[in-house]
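Single-structure report; data block below.
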Amino acid sequence: MRLSQFHIATVKEVPADAEIVSHRLMLRAGMIRKLAAGIYTWTPLGLRVLRRVERVVREEMDRAGAIEMLMPSIQPKELWEETGRWQKFGGQLLKIRDRKDGEFCYGPTHEEVVTDFARNELKSYRQLPVNFYQIQTKFRDEIRPRFGVMRAREFLMKDAYSFHLTAECMDRTYRVMYDAYARIFTRLGLKFRAVQADTGAIGGNASHEFHVLADSGEDAIAFASGSDYAANVELAEALAPAAPRPAPAAALERVPTPGVRTVEDVSAHFGIPAQRVLKTILVRGREGLVALCLRGDHELNEIKAAKLPELPGESVLAGEAEIVAATGTRPGFIGPVGLPEAIPVIVDRSAAALADFVCGGNADDTHYRGANWERDARVTRVADLRKVVEGDPSPDGRGTLSIARGIEVGHVFQLGQKYAEAMGASVLDEQGKARVMYMGCYGIGVSRIVAAAIEQNHDDAGIVWPEAMAPWRAAICVINPKNDAKVAEAAEGLYRDLLARGVDVALDDRGLRPGAMFADIELIGIPHRVVVSERGVAAGTFEYRRRDESESRALDRAAVLALFE
Ligand code: ATP
Ligand code: MG
Ligand code: MG
Ligand code: MG
């Protein structure tokens, strides 16, 4: 690529809202341009990097036996009603209407669409297992889009969905995907950790998140020295040995509830409407996390709409409150005994006088009947919650916890039969009997990876790309080519030689002053730089420098070519 024919558009100034280094550097290097909040154009330069990530992801997915397809990003409401998610998904779902008043959403994820595809296409166990994937634009109306493409509203995701006759088969593919993810992030040159994640709201069997380690990460992850325990902090906190809790009020009746987990489960098990199930959500407000206890039929986005300033938690919740976790009736957070030093907050005052709710019992397979909304519903600051800190024993009891910050770049999840059941996706087994399929889903934030990689790989001069992600492996910087035919000729010759060897090289023939040219090439993060100057040509050498080294070396043509062998 001749940079004189490319669009290089580095800039000096970046807007003040570009808080983290990857956002600033992507803007300065001219990789992205903001169109609207959380919506970005990828420039030709940015796209080169995005495509590199995509390619590694695609190669490893193909290698792991997944098959690529492409589903629409606009999805009909009817599909989402089949799973109940048209309501439940909350404010992140961007709903749109067509001219005939048909309702659609811009896909934030594709479980519904792929399950619909599967129920039409897959008829026999002989077609299983199968793992479909796509690399496609998603839209989530994030409450606080920020950090550029790190938490965007429109972003690029690789999402895969596998279908199985049995849970064992789902588990096998899950492991294959887990390994493929580890290979992807290794090939991309990232420092990462896989951690256990919550399966709460979806209610599957197993889930892991892959985090790129970075201090700017929005997530906290806990891992143990002395054992292989690693989890995101929400999960580690939920499972941490409980702080002493007050005994439940005498009016509460403890009921064994094997296998009862979600609000829907509780409602069915006790034969009560969802409004009488108490659940807890974690909300990040101005002053940090708070836990809110609320009725089971509350939509998460309703919390935002509730008149929070009227409530005792006012100062905590003023402004934008972001819901970070919904815990269903998971033990550890829920109900009257979960939050010992809590301040009561009633989200819905009309319910204040009501009693006889059901809530989780802070232990698996247990619930309490007879909870009183006013007496028992609580909110607390995270400082009062059971907090996991450095040096705590790990929940598996075999090690000591360290806490690190991470950026979630991948997520694998065993969905079980949840979607296939709701949407009637079954195949005939060997005996000719219809069996509901098992599913797994596997996401990678392709565009987020670009930002995450910069968080890990930069210096004062700019980006320092891992080789696998660099827009070009090498740059040839030509000094004063217009006035020096020999220099121009030497640069052209080297350019041809490198291209002939299959090296992806950029020839910087823009005719910039050396300082400005070097600053651009460093900012853009190209791993290898070769300078062609009058002095070098006279001595028969090029000045070579690796982006991650401070010293340059004089190398002859053969030595330069040997670097790329
Ligand atoms: P987060 O916790 O960061 O909001 P998520 O758990 O909601 O992410 P998933 O539903 O697991 O996201 O989606 C799969 C992957 O898509 C995530 O692991 C992440 O890398 C990426 N992703 C999710 N939301 C965004 C976003 N707003 N901008 C960029 N990438 C995203
Ligand atoms: Mg999210
Ligand atoms: Mg997440
Ligand atoms: Mg996730």
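Scanning the range 16-50 for residues that are β-branched (Val, Ile, Thr) and either touching a residue at least 40 places away in the same chain (Cβ under 8 Å) or part of a helix (DSSP H, G or I) (or both) returns 20, 21, 32, 39, 49. Output yes when any residue across the range 540-548 is at pLDDT 95 or above and on the phi > 0 side of the Ramachandran plot, and no when none is. Yes; the residues of the range 540-548 include at least one that is at pLDDT 95 or above and on the phi > 0 side of the Ramachandran plot. Highlighted here are the strands (runs of 3 or more DSSP E) found entirely within the range 92-204 that include at least 3 residues which are hydrophobic (A, V, I, L, M, F, W, C) and closer than 23 Å to residue 409 by Cβ: 130-139, 154-164, 192-196.
Inspection of the range 515-527 finds a residue satisfying the criterion of being part of a helix (DSSP H, G or I), crowded, with 24+ Cβ neighbours inside 10 Å and not assigned by the TED database to the domain that holds residue 21.
Taking residue 487, is it more than 24 Å from residue 30 (Cβ to Cβ) and either touching a residue at least 60 places away in the same chain (Cβ under 8 Å) or not assigned by the TED database to the domain that holds residue 49 (or both)? For residue 487, the condition - more than 24 Å from residue 30 (Cβ to Cβ) and either touching a residue at least 60 places away in the same chain (Cβ under 8 Å) or not assigned by the TED database to the domain that holds residue 49 (or both) - is met. Checking each residue in the range 142-152 for being closer than 14 Å to residue 36 by Cβ, within 16 Å of ligand 4 (Cβ to nearest atom) and at pLDDT 95 or above picks out only 152. Residues that are among the acidic types (Asp, Glu) and touching a residue at least 60 places away in the same chain (Cβ under 8 Å) were ranked within the range 134-174; the one that is nearest to ligand 3 (Cβ to nearest atom) is 142.
Do we find that residue 72 is in a loop (DSSP other than H, G, I, E, B), in the same structural domain as residue 411 (by the TED database) and within 16 Å of ligand 2 (Cβ to nearest atom) in this structure? Criteria not met by residue 72. Within the range 478-514, which residues are within 41 Å of the chain's Cα centre (by Cα) and crowded, with 17+ Cβ neighbours inside 10 Å? Of everything in the range 478-514, those that are within 41 Å of the chain's Cα centre (by Cα) and crowded, with 17+ Cβ neighbours inside 10 Å turn out to be 478, 495, 498, 503, 505, 506, 507, 508, 509, 510, 512.
The C-beta contact set for the range 86-109 (first residue free of Cβ contacts under 8 Å to residues at least 24 places away in the same chain, second residue within 16 Å of ligand 4 (Cβ to nearest atom) and of a type in the set (A, V, I, L, M, F, W, C), distance under 6 angstrom, 6+ apart or interchain) is empty.
Just one of the listed residues (219, 179, 215) is at pLDDT below 95 and either away from ligand 1 (no atom under 15 Å from the Cβ) or not assigned by the TED database to the domain that holds residue 427 (or both), namely 215.
The values are calculated or read from the model by the stated rules, or taken from the named source; none is laboratory data. Predicted, not measured: the structure shown is a model, and the values here were computed from it. Reconstructed Cβ throughout: ideal geometry from the backbone, glycine too, with neighbour counts over all protein chains shown.
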